[in-house]
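Asker: Sending over a structure as C-alpha cells; questions will come in a sec.
The values are calculated or read from the model by the stated rules, or taken from the named source; none is laboratory data. No experiment lies behind these values; they were computed from the predicted model shown. For neighbour counting, all protein chains shown are included, and Cβ atoms are generated from backbone atoms with ideal geometry for every residue, glycine included.
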Ligand SMILES: [Zn+2]
Ligand SMILES: [Zn+2]
C-alpha cells in the first residue's frame, strides 16, 4: 500500500456510473503567449466586452503527471507544445507520488526529480495550471512522521467521509501547500485522486448504502479558507472533484468576496489512452473529426457553449511513452485549422476567475449526441 499504480487508478467514468460521483474538469485560459521565464504573473483577463464573445473557451486537465511514468524531458516537450500553440490547461503535481520508492518531490534526491520540478515551476507561464491530486494519490500522508501509516485510508474516498471536519481538511491541505512551498510549487486547484482498490471500493459501497457518495461540504469551506489566506496561486480555486455522468453547469461550491471555490467539470471522456495507456482508448475523432464537422468539441462550439473541458492522464498523454500524445497534438491542430476564430484556450483558474468576476456566464449543459 502507499504505492500508486495504474491499477489503483479507478476508471473514473465507470466509477461515476456506479457511484454517482461527478467529475469536474477545468482548464484555465492561457492568455499568455508563451512561457518565457520572466512572466510569472497571472494572465490578465480580457475586459468584459471582449474578446471571447462567440468563442468557446477550451481547457483541459492532465491527471497523474509525475516524473517516473515519463521523465522531465517529456514534461518539457509537453510544455513547449502548450506554449507554442498557446494552449491553456492543467497538469497535476503529486508531491508524494510513489513516495515509498522515490521519496517526496518536496525533498528531491535525484536529478530527474530536480529537472521535473524546474519544469513544473515553468508550467504556469506556459499556460498550464497546477492541481494537487492530494499528497500521494494513495494513502493519507502523515505530515508529522513523513510517511503513510499502514492501513491509512486513501485520499480520494476521504473527501467523501461525512465525519471529517473543516479543520481536518484544512490541516491536510495546508500540509500539502507547505510541502509545495519548499520547492516553490504553487498550486492553483485540486483534482480528486481516483482509486479502485478493494478498500476504497468497499468504503464507497458502504457510503452508497448509507445515503450516497457525496463530497463532504467541509472540503469546500477548507479550500475557501486557504484561498482567502492566499495559499493558492489565485483567488479562485478550480476543482475536478465532483462527478456525475451528465454535464452540469460550472458551479461555485464556496464563495466569499473575491475568493471562490469552483467545481469545473469535464465534458469529454479521456480518449488519449487513459491511465492504462491503451491504444484502443485513443481517438482524436471523439473530439474533432479530420474534416472538422463532428466530435464533442465541435458540438460545444456549434452550440455556443461558454466552455469545454477535456481531460487525460499522463500515462497515456505523455510525449515519451503515451499512446495518446499524437492524438492530442492532432486535436489541437484540427482545431487550429477549422475553428481558429471560435475557440480560446484558457487555464482552468482563469476561467473560474472570469466567472467569479461576473465576466463570463457559464452556459447550460450541451447534451452529447451519443449520450
Ligand atoms: Zn489521478
Ligand atoms: Zn484506494
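Asker: Check off (1) within 16 Å of ligand 1 (Cβ to nearest atom); (2) within 22 Å of residue 171 (Cβ to Cβ) for residue 228 and give me the number that stays unchecked.
Answerer: It fails just one condition, (1).
Asker: Would you confirm whether any residue within segment 146-154 is within 16 Å of ligand 1 (Cβ to nearest atom) and touching a residue at least 40 places away in the same chain (Cβ under 8 Å)?
Answerer: Checked segment 146-154: at least one residue is within 16 Å of ligand 1 (Cβ to nearest atom) and touching a residue at least 40 places away in the same chain (Cβ under 8 Å).
Asker: Could you tell me which of the residues 342, 334, 347 is closer than 25 Å to residue 192 by Cβ and touching a residue at least 12 places away in the same chain (Cβ under 8 Å)?
Answerer: 347
Asker: Could you please give the count of residues in segment 279-317 that are outside any strand (DSSP E or B) and within 20 Å of residue 250 (Cβ to Cβ)? Give the derivation first.
Answerer: At the first step, the residues of segment 279-317 found to be outside any strand (DSSP E or B) are 279-281, 283-306, 314-317.
Those still in the list that are within 20 Å of residue 250 (Cβ to Cβ) too: 287, 296-297, 299-306.
The qualifying residues number 11.
Asker: Looking only at segment 320-371, count how many residues are within 30 Å of residue 280 (Cβ to Cβ) and assigned to a helix (DSSP H, G or I). Working first, answer last.
Answerer: We begin by selecting, within segment 320-371, every residue within 30 Å of residue 280 (Cβ to Cβ); these are 320-339, 343, 345, 348, 365-371.
Among the residues that remain, those that are also assigned to a helix (DSSP H, G or I) are: 325-338, 348.
The qualifying residues number 15.
Asker: If a residue must be more than 23 Å from residue 266 (Cα to Cα) and touching a helix residue (DSSP H, G or I) at 6+ places or on another chain (Cβ under 6 Å), how many such residues does segment 187-199 contain?
Answerer: 1
Asker: Still on this structure: Would you call residue 335 in contact with a strand residue (DSSP E or B) (Cβ under 9 Å, 6 or more places away or on another chain) and over 25 Å from residue 67 (Cα atoms)?
Answerer: Values: in contact with a strand residue (DSSP E or B) (Cβ under 9 Å, 6 or more places away or on another chain): yes; over 25 Å from residue 67 (Cα atoms): yes.
So residue 335 fits the description; yes.
Asker: Taking the condition of being assigned to a helix (DSSP H, G or I), out of contact with any strand residue (DSSP E or B) (no Cβ under 7 Å at 6 or more places or on another chain) and within 16 Å of ligand 2 (Cβ to nearest atom), how many residues in segment 200-236 meet it?
Answerer: Of the residues in segment 200-236, 8 are assigned to a helix (DSSP H, G or I), out of contact with any strand residue (DSSP E or B) (no Cβ under 7 Å at 6 or more places or on another chain) and within 16 Å of ligand 2 (Cβ to nearest atom).
Asker: Let me ask something additional. Is it the case that residue 184 is touching a helix residue (DSSP H, G or I) at 6+ places or on another chain (Cβ under 7 Å), under 16 Å from residue 104 (Cβ atoms), modelled with pLDDT of 95 or more and away from ligand 2 (no atom under 12 Å from the Cβ)?
Answerer: Criteria met by residue 184.
Asker: Go through segment 109-140 and give me each residue that's more than 14 Å from ligand 2 (Cβ to nearest atom), under 18 Å from residue 68 (Cβ atoms) and over 16 Å from the mean Cα position of the chain (by Cα).
Answerer: 109, 110, 111, 112, 113, 114, 115, 116, 117, 118, 119
Asker: Looking only at segment 67-95, count how many residues are within 16 Å of ligand 1 (Cβ to nearest atom), more than 13 Å from residue 118 (Cα to Cα) and touching a residue at least 60 places away in the same chain (Cβ under 8 Å).
Answerer: 8
Asker: Let me ask you something else. Just to be sure I understand, how many residues within segment 171-194 are in a loop (DSSP other than H, G, I, E, B), crowded, with 24+ Cβ neighbours inside 10 Å and either within 12 Å of ligand 1 (Cβ to nearest atom) or at positive phi (or both)?
Answerer: Selection size over segment 171-194: 3.
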